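Working notes, beginning with the structure itself.
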């Protein structure tokens, strides 16, 4: 049971390049989330998904797109990277019991630098 | 909207000292409250949680009590160790239903350094 995994762990991009971050979970969780972590700002939600084939915007969605074609995978795309997207990106997943979506399980993160 | 405010760090303590990290929140309804810990170079791990007023979450010697009257969830540990050095995040989650979908709202994090 690997939990939540993220690929890649590190990446350096030039401004304008595109890339996709992959998140995979093997816990059969319905909910998946993408966050970015910046110094002094905690974690901010980019996009989330409440099930296969669904996506929704979070707090800071601009410049990102997501897809959830399979229940276990949640992809985060940057179509044209900007230096402001330099950050550490975390994926998380969770499940619902009795109307409560409780603990989120986090991946190890992807450190992205945009030059 | 929801918000979480943590005491500003960094916090530097000697081993075996008492730790308090303050956390207050603003939320509608009845949120669940969490403390997550992030060790250097790693993702976030759940440290403890409480889902209703007056609940006490505890784990690894850490404790926090859900205080609805003061909208607080302060983290405490009686005797810290060097291995507790990490970043601690307070967070809240609305219960699923409507448009919340269990999204977490985080505080800004508090860096804790414990010296031998």
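Between the stretch B:62-85 and the stretch A:1-80, how many Å separate their Cα centres?
Result: 30 Å between the Cα centres.
Sequence gap at least 6, Cα distance under 8 Å: using those rules, report the relative contact order of the stretch A:46-111 to the nearest whole percent. Walk me through the numbers on the way to the answer.
Working: 92 pairs, mean separation 13.5, N = 66.
Once divided by the residue count of the stretch A:46-111, the mean separation gives 21 percent.
Could you quote the convex hull projected area for the stretch B:15-116, Cα atoms only and averaged over all directions, in nm²?
The Cα convex hull of the stretch B:15-116, projected and averaged over all directions, gives 6.5 nm².
Partner chain Cβ atoms within 10 Å, averaged over the residues of B:105-114 - can you pull that number for me? Mind showing how you got there, number by number?
Values: counts 5, 7, 2, 6, 6, 0, 0, 0, 0, 0.
The mean count of partner-chain Cβ atoms within 10 Å per residue comes to 3.
Obtain the nm distance between the two label points defined at residue A:10 and residue A:80 by a simple spin-label model: each point lies 7 Å from its Cα along the Cα-to-C-beta direction.
For the pair residue A:10/residue A:80, the computed spacing is 2.9 nm.
With label points built 7 Å along Cα→Cβ from the Cα atoms of residue B:68 and residue B:17, find their separation and express it in nm.
3.6 nm
Averaged across the residues of A:35-41, what count of C-beta atoms belonging to other chains lies within 10 Å of each residue's C-beta?
Other-chain Cβ atoms within 10 Å of each residue's Cβ, averaged: 3.
Ranked by Cβ crowding within 10 angstrom, fewest neighbours first, how are A:89, A:35 ordered?
Details: A:89 23, A:35 28.
Lowest to highest Cβ neighbour count: A:89, A:35.
So how do B:73, A:10, B:106 line up by other beta-carbon neighbours within 10 Å, fewest first? Kindly include the intermediate steps, with their values, before the conclusion.
Numbers: B:73 30, A:10 9, B:106 22.
Fewest-to-most Cβ neighbours within 10 Å comes out as A:10, B:106, B:73.
Over the stretch B:1-73, what relative contact order in percent results from Cα pairs under 8 Å that are six or more residues apart? Don't jump to the answer; show the numbers that get you there.
Details: 109 pairs, mean separation 17.7, N = 73.
It comes to 24 percent, rounded to a whole number.
For the stretch A:44-104, just say rounded, prolate or oblate: build the C-alpha gyration tensor, square-root its eigenvalues into a ≥ b ≥ c, call rounded for a/c under 1.5, and beyond that prolate if a/b exceeds b/c, oblate if not. Before the final figure, lay out each step's value.
Details: a/c = 2.44, a/b = 1.75, b/c = 1.39.
Taking the square roots of the gyration eigenvalues as a ≥ b ≥ c, the stretch A:44-104 is prolate.
Given 4 °C and 1.567 mPa s, how large is the Stokes-Einstein diffusion coefficient of the protein assembly as shown in µm²/s, with Rh as the Kirkwood radius over Cα pairs?
On the way: Rh = 18.1 Å.
Result for D is 71 µm²/s.
Roughly how compact is chain A, stated as its Cα Rg over 2.2 N^0.38 Å to two decimals?
On the way: Rg = 13.5 Å, N = 115, 2.2 N^0.38 = 13.4 Å.
Here the answer is 1.01, to two decimals.
Just to be sure I understand the curve: with the Debye formula and one point per C-alpha of the stretch A:4-63, what is log10 I(q)/I(0) at q = 0.25 Å⁻¹?
-1.30
Rule-based calculations on the coordinates, nothing more; no lab input. What you see is a predicted model, and the numbers here were worked out from it, not measured in a lab. Backbone-built Cβ (ideal geometry, glycine too); neighbour counts: all protein chains shown.
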